[in-house]
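Enquirer: Dropping the structure in here first, questions after.
The values are calculated or read from the model by the stated rules, or taken from the named source; none is laboratory data. Computed from a predicted structure; not experimentally measured. FYI the Cβ positions are ideal-geometry reconstructions off the backbone, even for glycines, and counts take in every protein chain you see.
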Amino acid sequence: MDWFAAGENGPLIAIRAIHFAASAMTTGTLVFGTVVGNPALRSEPQLALLQRAQMLRLAWIGVAITVLSGVIWLWFQAAAIAGLPLGEALTSSLLLTVLNETQFGLVWEIRTVLAIILAACLAYGRFVPAKWLALATAIGLTAAIAWTGHAGSTAGELGKLHLAADVLHLAAAAAWIGGLVPLVLLLTAVRRAQAVAWPSLAWEATRRFSMLGVISVATLLTTGIVNAWILVGSFHALATSEYGRLLILKLVVFAIMLAFAVVNRFWLTPRLAISSGNELPFAALRGLTHNGVIEIALGFAIFAIVGMLGTMHPATHLF
Amino acid sequence: MRISSVFGVIPLLLLLAVGEASAHAMLDHAEPRVGNKVATAPREVTLWFTQKLEPAFSTITVTDSTGKRVDTGKTRVSGSQMSISLRPGGSGTYRVKWHVLSTDTHTTDGRFTFQVGQ
């Protein structure tokens, strides 16, 4: 089994993983700010201001890495398409053909425009319409990845259903996994700010985030069932293949993330609300922050696996 | 119990993720049919694939029994279907070689033969 010796596809896998993670972080940060960060800190204007500055910085970093890794992805993908070494693929004629004449190229152009609009919105974020436009373009930036993958090539009416499911799947994954980064930053900021009401702020933020998580996981499941229904025919062949085993690894990592989420939701979060006498629930907050960091690492592992799966020829070719 | 319901979904996820893997363009069927015999040399060869194709990077070449190319060199792509016109040719074994890029950025290729006449 040579899963980890991905050979010639190594650079493509790596850049896809980085790109997916950066896109998810960008989208997750904006979703987080809208439904978790801003509402949770409404009663603490100073902390809210600090949090907004933090979100903005995170979003900028996300957009920058997304755009940069996107350019490299285009280069590496063009090389893979043309079957050329990376050095020889850097010709304007090949890159222009890929950009102008393939679906991958069209989606790449649309997503680049979305990234530029998003950057403009971040620069002029003090206007309310810009905030909503930023949220919409950030979601679009990640959701549009669906058209570059398997769902983008399913023929006929079924293809539309497959795409719709994949769009939701990507958006849900970004909201949850990408949102973990701002969550960890917010919990750290709340702890350092030493506001009197910090346990209730942290409780409110994690409670809101876990609601977002439940909605995301439910969406991942629903869209997953739709995809399974569309493509279930190859289950047996793939269950015994390397491709199938790599998918199982992805799901094991996902299950571990879910287990952490369950601990956070049903064990640590309720403890934030309990102040036994004067003892503040530092341990619970620290636990949530630590788990968040571990979940981020697991989330990146999932992006790496997805980056690898997308470049592999599925095992159906062998049967 | 909520935890058990969370873990109960794992088989469903498994189903989902495995399902995704059946993508990538593979030859579904062709006209003339793969390996079949036809009475006279066809005017064109058409291939149907399991995925949508990229015209810019999808090609067919057809050679006759002497190894001479009999296709006109212009592959037409429409959705998941690809065809090429043939010049009039004789009988014998025709070889079809195809190379496609599906819209999910994966290249696949293959070859097959069909018989003309005899």
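Enquirer: Looking only at the range A:112-159, which residues are closer than 17 Å to A:GLY224 by Cα and either hydrophobic (A, V, I, L, M, F, W, C) or modelled with pLDDT of 90 or more (or both)? Before the answer, list the steps.
Expert: From the range A:112-159, those closer than 17 Å to A:GLY224 by Cα are A:143, A:145-147, A:149-152, A:154, A:158-159; that's our starting set.
Correct list: A:ALA143, A:ILE145, A:ALA146, A:TRP147, A:ALA151, A:LEU158.
Enquirer: Within the range B:41-73, count every residue that is in contact with a Ser or Thr (Cβ under 7 Å, 6 or more places away or on another chain), in a strand (DSSP E or B) and of a type outside the set (A, V, I, L, M, F, W, C).
Expert: So the count comes out to 7.
Enquirer: Looking at the range A:158-198 only, could you name the residues that are acidic (Asp, Glu) and more than 12 Å from chain B (Cβ to nearest Cβ)?
Expert: none
Enquirer: Identify all residues within the range B:79-106 that are under 19 Å from A:SER153 (Cβ atoms) and either in a loop (DSSP other than H, G, I, E, B) or over 11 Å from the mean Cα position of the chain (by Cα) (or both); write none if there are none.
Expert: B:GLY79, B:SER80, B:THR103, B:ASP104, B:THR105, B:HIS106
Enquirer: Condition check: closer than 21 Å to A:LEU94 by Cβ and within 14 Å of another protein chain (Cβ to nearest Cβ). Does B:THR50 satisfy that? Working first, answer last.
Expert: Numbers: closer than 21 Å to A:LEU94 by Cβ: no; within 14 Å of another protein chain (Cβ to nearest Cβ): yes.
It is false that B:THR50 is closer than 21 Å to A:LEU94 by Cβ and within 14 Å of another protein chain (Cβ to nearest Cβ).
Enquirer: Select from the range A:121-140 the residues that are surrounded by 14 or more Cβ atoms within 10 Å (Cβ to Cβ) and in a helix (DSSP H, G or I) and list them in ascending order.
Expert: A:CYS121, A:LEU122, A:ALA130, A:LYS131, A:LEU133, A:ALA134, A:LEU135, A:ALA136, A:THR137, A:ALA138, A:ILE139, A:GLY140
Enquirer: Here is a further query. Residue by residue through the range B:80-109, note down the ones that are farther than 21 Å from A:LEU99 by Cβ and within 14 Å of chain A (Cβ to nearest Cβ).
Expert: Within the range B:80-109, B:SER80, B:GLN81, B:MET82, B:THR108, B:ASP109 qualify.
Enquirer: Do you know which residues across the range A:211-242 are facing chain B (nearest Cβ under 7 Å), at pLDDT below 70 and out of contact with any strand residue (DSSP E or B) (no Cβ under 9 Å at 6 or more places or on another chain)?
Expert: Those that are facing chain B (nearest Cβ under 7 Å), at pLDDT below 70 and out of contact with any strand residue (DSSP E or B) (no Cβ under 9 Å at 6 or more places or on another chain): A:ASN227, A:ALA228, A:VAL232, A:GLY233, A:SER234, A:PHE235, A:LEU238.
Enquirer: Determine if the range B:7-24 includes at least one residue that is buried (at least 22 other Cβ atoms within 10 Å of the Cβ), under 14 Å from the mean Cα position of the chain (by Cα) and either modelled with pLDDT of 90 or more or not in a strand (DSSP E or B) (or both).
Expert: yes
Enquirer: Then there is this: Quick check on the range B:44-58. Is at least one of its residues in contact with a Pro (Cβ under 9 Å, 6 or more places away or on another chain), exposed (fewer than 14 other Cβ atoms within 10 Å of the Cβ) and not acidic (Asp, Glu)?
Expert: No: zero hits.
Enquirer: Can you name the helices (runs of 4 or more DSSP H) wholly within the range A:17-109 that have at least 2 residues being touching a residue at least 40 places away in the same chain (Cβ under 8 Å)?
Expert: A:45-82
Enquirer: Which ones in the range A:134-156 are within 12 Å of another protein chain (Cβ to nearest Cβ) and at negative phi?
Expert: Start the filter on the range A:134-156 by keeping residues that are within 12 Å of another protein chain (Cβ to nearest Cβ), which leaves A:145-156.
Hits for the range A:134-156 are A:ILE145, A:ALA146, A:TRP147, A:THR148, A:GLY149, A:HIS150, A:ALA151, A:GLY152, A:SER153, A:THR154, A:ALA155.
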